[in-house]
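Heads up, the thing below is written out as C-alpha cells.
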Amino acid sequence: MAPGDRIDILQRSLGGGRFESLQCTMGFAVTAPNGERLGVTAGHCGAPQQPVGVKKWIVGEVVQSQAPEVKEDPNRPGHYSPVDPFGPDWGTFRLTDPDVKLLASAPGMAPRSVGTARVGDPVCQLGSVNGRRCGKVTKVMNDWVVSDIVTTQGDSGGPLVRTSDNAAIGIITDAVTLTDSDSGQVTQRLTQYYSLNAVLRAAGGAQLATR
C-alpha cells in the first residue's frame, strides 16, 4: 500500500456479510514514537478501531482520528456540514495483514521531508479517484492549506507534496466551491488540506517515513 492508494474504511454492517464503507486515500507513511509504522489519512474517513479494507479484504484498522463536528442542514435533510470548517481532520491506521506492506512512496510521489506551505508553492496531490493533479498553493491559514487543484470525494486523505523539493505538505480534506453572490454561478473550485506538521504533532510526535 502506497501514498495515493485507495482505502475503504468500514462504517457499519448491513448484514448478510455486507458492509457500508467510505472510500478514502492513503496519504503518507509515518513512524509513531513507539516505532510502529502507520498510514495517514483524513480523520472524517473513520474512527479508531474501524476496519480498513483494500479490494474487499480487511487489512488493518484506524488507530487515531480527529474530525470536525458536523450538523445537519435544516433545509436539506441528510446533508451535513462542519460546525467548525477549520477543526482538525486527520487519522492514522495500522496494517494487521502481514502480506500487505506500507510503502513510503509511489510513482510521481516520493516525499523526502516535511515542509511548511507558502502561497505560490508548486504542488501535486495524489487521490484514489482523480490520480495525480498539480497546481499551486493559493492560501495558508495556520494548520490549513488551500490550492487551486480540483478534487472530489474519495480523494480525502491523499498526499500533497511541493514539487520543488519533494516536501510533504498536507493531506486532502475537502473540496471547496466558490460561487458568485449574485448569480450563484461557480467561480472557482479549490482543495483544502490539513497540514502534515499538524498531523505529526497531534499523533504524539510521529515522523514521516521516507523509505
Inset, instruction - Look through the stretch 102-117, keep the residues that are hydroxyl-bearing (Ser, Thr, Tyr) and assigned to a loop (DSSP other than H, G, I, E, B), and return whichever of them is nearest to residue 27 (Cα to Cα). - result: 105
Legend entry - Answer residue from the stretch 52-63, given it is at pLDDT 90 or above and hydrophobic (A, V, I, L, M, F, W, C) and is surrounded by the fewest Cβ atoms within 10 Å (Cβ to Cβ) among those: 58
Inset, instruction - Return a yes/no flag: does the stretch 171-184 have any residue that is in contact with a strand residue (DSSP E or B) (Cβ under 7 Å, 6 or more places away or on another chain), modelled with pLDDT of 95 or more and not polar (S, T, N, Q). - result: yes
Legend entry - Filtered residue count, the stretch 95-118, keeping only those that are farther than 14 Å from residue 165 by Cβ and β-branched (Val, Ile, Thr): 2
Inset, instruction - Please indicate, with yes or no, whether at least one residue in the stretch 74-96 is buried (at least 20 other Cβ atoms within 10 Å of the Cβ), in contact with a Leu (Cβ under 7 Å, 6 or more places away or on another chain) and among the β-branched types (Val, Ile, Thr). - result: yes
Inset, instruction - Check the stretch 64-78 and report whether any residue there is at pLDDT 95 or above, in the same structural domain as residue 39 (by TED's automatic domain parsing), touching a strand residue (DSSP E or B) at 6+ places or on another chain (Cβ under 7 Å) and under 15 Å from residue 28 (Cα atoms). - result: yes
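The values are calculated or read from the model by the stated rules, or taken from the named source; none is laboratory data. Fair warning: this is a prediction, and the values are worked out from it, not measured in the lab. Note: ideal-geometry Cβ built from the backbone for every residue, glycine included; neighbour counts use all protein chains shown.
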